[in-house]
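Only one structure is covered here, and it is reproduced in the block below.
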Amino acid sequence: MTIPQIKSLYTDGACSGNPGPGGWGAVVCFADGNCHELGGAQSQSTNNRMEMQAAIAALEFFANSGQTETVTLYQKTGSKAPSFRTDLIRV
């Protein structure tokens, strides 16, 4: 089975308290318009760990999809344009 081209990855993670119970989620959007959701939780974690787990899960999904494009990382800010990072990750 061929996985459609991945168009974008969205991630987020948070805790109730820091540390405290936490969760993470990732949404993988494909060029054909479909999306795939990933997520998980831990009974005791930190905000940073949940944020990182979401990003790791999304990048693992991308790596296991067999696609070879370069992923550009950026952080969405309160401004009109995202703040692009200069580093690229090849998976």
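The values are calculated or read from the model by the stated rules, or taken from the named source; none is laboratory data. Please read these numbers as outputs of a predicted model, since none were measured by experiment. All Cβ positions, even for glycine, are placed from backbone atoms using ideal geometry, and neighbour counts span all protein chains on display. With ligands, DNA and RNA removed, areas are computed over all heavy atoms of the protein, side chains included. Shrake-Rupley method; radii C 1.70, N 1.55, O 1.52, S 1.80 Å.
Annotations for the structure displayed:
- The condition of being part of a helix (DSSP H, G or I), at pLDDT below 85 and either open to solvent by 40 Å² or more (accessible area, probe 1.4 Å) or in contact with a strand residue (DSSP E or B) (Cβ under 8 Å, 6 or more places away or on another chain) (or both) holds for only one of A58, A54, A63, A81, that being A63.
- Residues in segment 32-48 that are more than 18 Å from A63 (Cβ to Cβ) and either modelled with pLDDT under 95 or polar (S, T, N, Q) (or both): D32, G33, N34, C35, Q42, S43, Q44, S45, T46, N47, N48.
- Subset of segment 1-31 that is part of a loop (DSSP other than H, G, I, E, B) and among the aliphatic types (A, V, I, L, M) - its residue that is modelled with the highest pLDDT: A31
- Cβ-Cβ distances below 9 Å connect the following pairs, each with a first residue in segment 1-21 that is surrounded by 11 or more Cβ atoms within 10 Å (Cβ to Cβ), a second residue that is among the basic types (K, R), and a separation of six or more residues or different chains: G13/R49; C15/R49; P19/R49.
- Tally of residues being more than 30 Å from Q44 (Cβ to Cβ) and either within 20 Å of the chain's Cα centre (by Cα) or of a type in the set (D, E, K, R) (or both) across segment 1-25: 6
- Scanning segment 26-35 for residues that are surrounded by 11 or more Cβ atoms within 10 Å (Cβ to Cβ) and out of contact with any Asp or Glu (no Cβ under 6 Å at 6 or more places or on another chain) yields A26, V28, C29, F30, C35.
- Failed item, numbered, when Q5 is tested on (1) out of contact with any helix residue (DSSP H, G or I) (no Cβ under 8 Å at 6 or more places or on another chain); (2) farther than 17 Å from A63 by Cβ: (2)
- Within segment 36-51, being open to solvent by 80 Å² or more (accessible area, probe 1.4 Å) and within 20 Å of I3 (Cα to Cα) holds for one residue alone: E37.
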